1. Can you go through Arg21, Arg69, Arg13 and tell me which one is among the basic types (Lys, Arg) and surrounded by fewer than 16 Cβ atoms within 10 Å (Cβ to Cβ)?
2. Does Ala30 satisfy the criteria of being open to solvent by 40 Å² or more (accessible area, probe 1.4 Å), over 17 Å from Leu4 (Cβ atoms) and either touching a residue at least 60 places away in the same chain (Cβ under 8 Å) or of a type in the set (A, V, I, L, M) (or both)?
3. What about His177, is it loosely packed, with under 10 Cβ neighbours inside 10 Å and within 30 Å of Leu81 (Cα to Cα)?
4. Please find, within region 166-207, the residue that is nearest to Val66 (Cα to Cα) out of those that are of a type in the set (S, T, N, Q) and in a helix (DSSP H, G or I).
5. Given the criteria at pLDDT 85 or above, part of a helix (DSSP H, G or I) and under 18 Å from the mean Cα position of the chain (by Cα), does Val156 qualify?
Amino acid sequence: APLLDKLEAVATRRQPELMLRLHQLGISPAIYASSWFLTCFACSMPLAFAERVMDMCLLSNEPLIVLLRVALAVLGECALLYDLQIHDPQMSSPPSSSSSPRNGDGDDNNVENEKEDAFARAARTEGLGVNDAFEAAVKALKDSPATWEMHRMRAVLGEAVHDTLTLEEAEAEAERHLCMARERAERDIVEKIVQDAVNAVVDEFGE
């Protein structure tokens, strides 16, 4: 499987809330991670970070797994920074940890904030509007890492260095991810066929 597919599969298992939100926004790893891999993260990180990643790649027998581990560490850090919580519309109330406003707004904004995730809040704060959460999410993944403090970048590199993920494990995870996606697609098709048949019967007898 391509490296981007491996990233999506492993990240979905490790950071399910983050990846779910990105999927809801229509953001695939190709949008933010292609440039990471092509430039060894020089496009989104300071040169010192990219140089360290290049050194790790040169010292490794499998440079691709190095890039994958670093990308997973960056995504993990993004998930921590944005404290992303997915609010299921069917839930009676969202988790209290992310329902309170972070910018000191009054009670009038409490209901609005409870309906927002981190990317929607970022879009609103930057004057983009909640509907532009897509743009805020892409900016968070592609631009924001360049502003991280050095201790945070060291933590990301340390996480990547201590990651024991192998290419074989990532490949197996990508295969499982693909199989699950196929099963979901087949299930959706069957449900649609059944629903269409039920609707047809209802319409026929209703007339």
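1. That would be Arg13, the only listed residue that is among the basic types (Lys, Arg) and surrounded by fewer than 16 Cβ atoms within 10 Å (Cβ to Cβ).
2. Spelling it out, it is not the case that Ala30 is open to solvent by 40 Å² or more (accessible area, probe 1.4 Å), over 17 Å from Leu4 (Cβ atoms) and either touching a residue at least 60 places away in the same chain (Cβ under 8 Å) or of a type in the set (A, V, I, L, M) (or both).
3. When the stated conditions are applied, His177 does not pass them.
4. The extreme case among them is Gln195.
5. yes
Matching residues to (1) closer than 19 Å to Lys6 by Cβ; (2) modelled with pLDDT under 95; (3) under 20 Å from the mean Cα position of the chain (by Cα); (4) assigned to a helix (DSSP H, G or I):
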| position | (1), (2), (3), (4) |
| --- | --- |
| Leu38 | yes, yes, yes, yes |
| Ala48 | no, yes, no, yes |
| Arg69 | yes, no, yes, yes |
| Leu81 | no, yes, yes, yes |
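Residues are listed down the side, and each one gets a yes or a no for (1) modelled with pLDDT of 80 or more; (2) loosely packed, with under 13 Cβ neighbours inside 10 Å:
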{"site": "Ile86", "(1), (2)": "no, no"}
{"site": "Ser93", "(1), (2)": "no, yes"}
{"site": "Val111", "(1), (2)": "no, yes"}
{"site": "Arg152", "(1), (2)": "yes, no"}
{"site": "Leu165", "(1), (2)": "yes, no"}
{"site": "Glu183", "(1), (2)": "yes, yes"}
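The values are calculated or read from the model by the stated rules, or taken from the named source; none is laboratory data. Worth saying up front: this structure is predicted, and the values here are computed from it rather than measured. All Cβ positions, even for glycine, are placed from backbone atoms using ideal geometry, and neighbour counts span all protein chains on display. Each accessible area value is taken on the protein alone, full model and side chains, heavy atoms only, with ligands, DNA and RNA left out. Shrake-Rupley method; radii C 1.70, N 1.55, O 1.52, S 1.80 Å.
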